[in-house]
Every structure is written in C-alpha cells, then in structure tokens.
Amino acid sequence: MILRILGIDPGTAITGYGIIEKIPGSYTLVDYGCIRTPANQRLPDRLVNIYQAMLSLLDEFQPDEVAVEELFFNSNAKTAFTVGQARGVIILAAAQRNISVGEYTPLQVKQAIAGYGRAEKKQVQIMVKTILNMKTTPKPDDAADALAVAICHANWQNTRQITGK
C-alpha cells in the first residue's frame, strides 16, 4: 500500500512543505517547496494566505496524512505565538479535509532521520537527501525540514505497524 504524507515546517514568513510517498521498504519524493507571505503583511492576512495555500496543497496532492513539526522556542515567546497560530490554520485545513495529523518535536524528527536527537541541521539535510535518493540537498531549509517531518511520520507509521501501537 502506498501512503502519501505531507510534511509541514510551520512559520508565518515561510512555511516549508514536503510530500513523500511511503512504499513498503522505501520512500519516494513527490514535491517540496515553501509557502511565503510578505513581511509587510498583517498577521491575520498572512494566516489567511497560509490557510488557503494549505488547502490548495491538500487538494492538489491528496495526501493520506499530514505531519507537522511542533513548536520549539528558546527565548522569543512572540515568535512562538505567531508560529503557533500558523500551526493552527495548517491543522484546521487538514481537519476540514478529514486528514489525520501527526505532530513531532524537532528532537523526534532528528532522531528519526539522523538517529540522534541533537543532530545538526546539515546532518538532517544530508540524510533527507540520501533517504529520498535526491541529487542535491533540498533547499530552502524550511522545505528540507518539512521533508524530514514527513519521513519522521513515515518512520513512526512503520513502528506502529510493527508494534501494533
């Protein structure tokens, strides 16, 4: 059975997306890119743009499942709140299309991709390139991160199938 997964790295300025297909024993790249919003745009308008772009991606690529990176913030609570709002409209779009959503921390994503939860971004990007048999490292970073989230979700699906949990 082929499982199509849309991975999302949420942000208000740039939201990365990556679509893969999980085929028993391997992963195939379908597409990747970014949703960009203008820096001078008000937050409500940015959220509308992200929401509408997300609906377009869902309609165009018809994923079976969506995987979204959970928030991680160090010191800037304002950024965390705005990214949280972007995550909200992304999850809403998936829910409106009756598509289940998996959520993963950056630590879980790095662990699933590189085997080490504290892996450097470059290590994760190299592993994404290798896993998906790409000729070059995916760019920009937001799209590479979204592909990593999709692969993480696929790996979690493998674990659930094996363990039955």
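Any read-out appearing in this document is the output of simple, stated calculations on the displayed coordinates, not a laboratory observation. What you see is a predicted model, and the numbers here were worked out from it, not measured in a lab. For neighbour counting, all protein chains shown are included, and Cβ atoms are generated from backbone atoms with ideal geometry for every residue, glycine included.
In order along the range 126-136, phi translates into HN-Hα couplings of 5, 5, 4, 4, 5, 4, 8, 6, 8, 6, 10 Hz, rounded to whole numbers, per the Karplus curve 6.51 cos²θ - 1.76 cosθ + 1.60 with θ = phi - 60° and x for Gly and Pro. Amide H contacts of Ala67: Leu6, Gly7, Ile8, Gly102, each under 5 Å away and 5 or more positions distant or on a separate chain (H built 1.01 Å from N in the peptide plane; Pro and chain starts excluded). For the chain, the antiparallel share of DSSP beta bridges with both residues in that region comes to about 65%. Rounded to the nearest 500, the 222 nm mean residue ellipticity of the chain from helices alone is -16500 deg cm²/dmol, with -39,500 (n - 2.57) taken per DSSP H run of at least 4 residues. For the chain, the residue among Gly25, Thr79, Leu6 whose Cα projects farthest onto the positive side of the dipole built from Cβ charges is Thr79. Of the three principal axes defined by the Cα atoms of the range 3-163, the extents in descending order read 44, 34, 32 Å. Note on the chain: GNM, Cα springs under 10 Å; of Asn133, Asn40, Asn155, the largest mean-square fluctuation is that of Asn40. Considering only Ala94, Ala144, Gly117, the residue lying farthest towards the positive end of the dipole of the chain is Gly117, judged by Cα position with unit charges set on Cβ. Taking amide H as placed 1.01 Å from N in the peptide plane, the amide H of Asp31 sits under 5 Å from that of Ile19, each at least 5 places away or on another chain.
Amide H contacts under 5 Å for Thr105: Glu70, restricted to partners 5 or more places along the chain or on a different chain, H placed in the peptide plane at 1.01 Å from N.
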